[in-house]
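The values are calculated or read from the model by the stated rules, or taken from the named source; none is laboratory data. The shown structure was predicted, so the numbers you read here are calculated from the model rather than taken from an experiment. Quick reminder, even Gly has a Cβ in these numbers, built from the backbone with ideal geometry, and neighbours come from all protein chains shown. Ligands, DNA and RNA are stripped out before the accessible areas are found, and what is left, the full protein with its side chains, is counted by its heavy atoms. Shrake-Rupley method; radii C 1.70, N 1.55, O 1.52, S 1.80 Å.
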Amino acid sequence: MIDVRRVDRAWLRRRALPVALLACWLVWAALAWWTAPREADETGLQRDLAAGRVLTLTRADGWDDTGPWGRRPEPRYASGGSTVVWARPDGQFRYAYVSPPTSGGGVEAGDGADPDPDVVSPSPEATGASEEPDGGVAPDRRADPLADPRARDATTHLGDTRADALADAAATIALVLGVGWLLMLVAGSPPVVGTRWFWFWIGLLPLGLGVLAWAWRERWRADVPAGGARRSGWTGFGVWLVGGIAVSLLLAVPGALLGDRVVPHW
């Protein structure tokens with residue numbers, strides 16, 4: 001006689017795990033989307049400074065996006081970088097490309113040498129030019145945003161902001177998902193569709209999509225037999241290569257059309 005209660009418990013376990021993984025993935029996706037750095041301009045930075053919406057402010061030289069899929073790109077901090085990154089009270093990060101900082105006297109660092117004392121410049125009266133430099137128009141030398149008095153507290157802020165806390169939470173959830181999936185893959189029952197190596201490569205697909213595919217096929221539909229021989233690790237490796245390129249292209253198209261406010265650079 002079949003124990004109905006045991007069957008029900010097994011059925012619930014197969015269903016509960018994919019649901020839990022999906023719920024965690026949705027939380028991670030929401031946090032990662034919200035805290036992903038979004039491009040602005042220098043005008044946007046000035047507006048945030050004027051409104052008091054800049055909690056931290058620093059210069060960087062580009063981004064480091066070599067981490068795992070659950071970690072947001074980190075700025076490569078550099079005092080002379082042309083990227084200014086700031087955190088806002090709403091938990092979002094913004095960045096803008098601005099001019100590198102200049103040295104004192106309004107002359108960029110490393111520009112030119114002292115003029116030759118033997119060379120006499122003609123007077124403004126002789127040339128008909130204005131006594132003011134650039135014909136009376138002040139040169140367009142924008143001040144360093146980090147030297148703005150309104151940014152003084154932001155440039156010396158040492159604690160984590162809400163944006164940092166949310167980004168750390170997203171990275172922690174992604175780590176738990178990845179480690180938990182890997183432990184279940186190694187120590188759990190043999191997969192149905194492919195070998196463990198097959199699902200290892202599939203699990204490396206961007207944005208955790210491979211982990212969701214494993215949970216759906218190997219847990220939610222574990223009682224459905226495979227339609228042929230189990231797929232090998234080489235097949236999974238090929239799917240990982242092609243799938244990674246496909247996901248990147250699928251994200252690039254709406255990102256180009258809608259901008260990174262809607263489709264950020266994860």
- prompt: What number goes with the only condition from (1) within 27 Å of A16 (Cα to Cα); (2) at pLDDT 85 or above that L250 does not pass?
  reply: (1)
- prompt: Are there any pairs, at least 6 apart or on different chains, whose C-beta atoms fall under 8 Å, with the first in the stretch 146-170 and part of a helix (DSSP H, G or I) and the second among the small types (G, A, S) and surrounded by fewer than 13 Cβ atoms within 10 Å (Cβ to Cβ), and if so, which?
  reply: R150/A50; R150/G52
message: Suppose we filter the stretch 200-224 for residues that are open to solvent by 60 Å² or more (accessible area, probe 1.4 Å) and of a type in the set (D, E); how many remain?
response: 1
statement: Residue hits (the stretch 150-166; open to solvent by 30 Å² or more (accessible area, probe 1.4 Å), in contact with a helix residue (DSSP H, G or I) (Cβ under 6 Å, 6 or more places away or on another chain) and more than 12 Å from L57 (Cα to Cα)) are L166
query: Looking at (1) under 19 Å from L146 (Cβ atoms); (2) at pLDDT below 90; (3) open to solvent by 50 Å² or more (accessible area, probe 1.4 Å), which is the one condition that is false for E39?
result: (2)
task: Residues being among the basic types (K, R) and within 23 Å of W201 (Cα to Cα): count how many of those fall in the stretch 223-266.
output: 2
task: Report whether or not A29 is at pLDDT 90 or above, closer than 17 Å to Q92 by Cα, part of a helix (DSSP H, G or I) and not acidic (D, E).
output: yes
task: Could you list, in sequence order, all residues of the stretch 170-199 that are open to solvent by 60 Å² or more (accessible area, probe 1.4 Å) and either more than 23 Å from the chain's Cα centre (by Cα) or at pLDDT below 90 (or both)?
output: L182, L183, V186, A187, S189, P190, R196, W197
Options A30, A78, A87, A60; residue that is free of Cβ contacts under 8 Å to residues at least 60 places away in the same chain and open to solvent by less than 10 Å² (accessible area, probe 1.4 Å): A60
- prompt: Taking the stretch 225-247 as the search range and keeping residues that are small (G, A, S) and at pLDDT 90 or above, which one is surrounded by the most Cβ atoms within 10 Å (Cβ to Cβ)?
  reply: G236
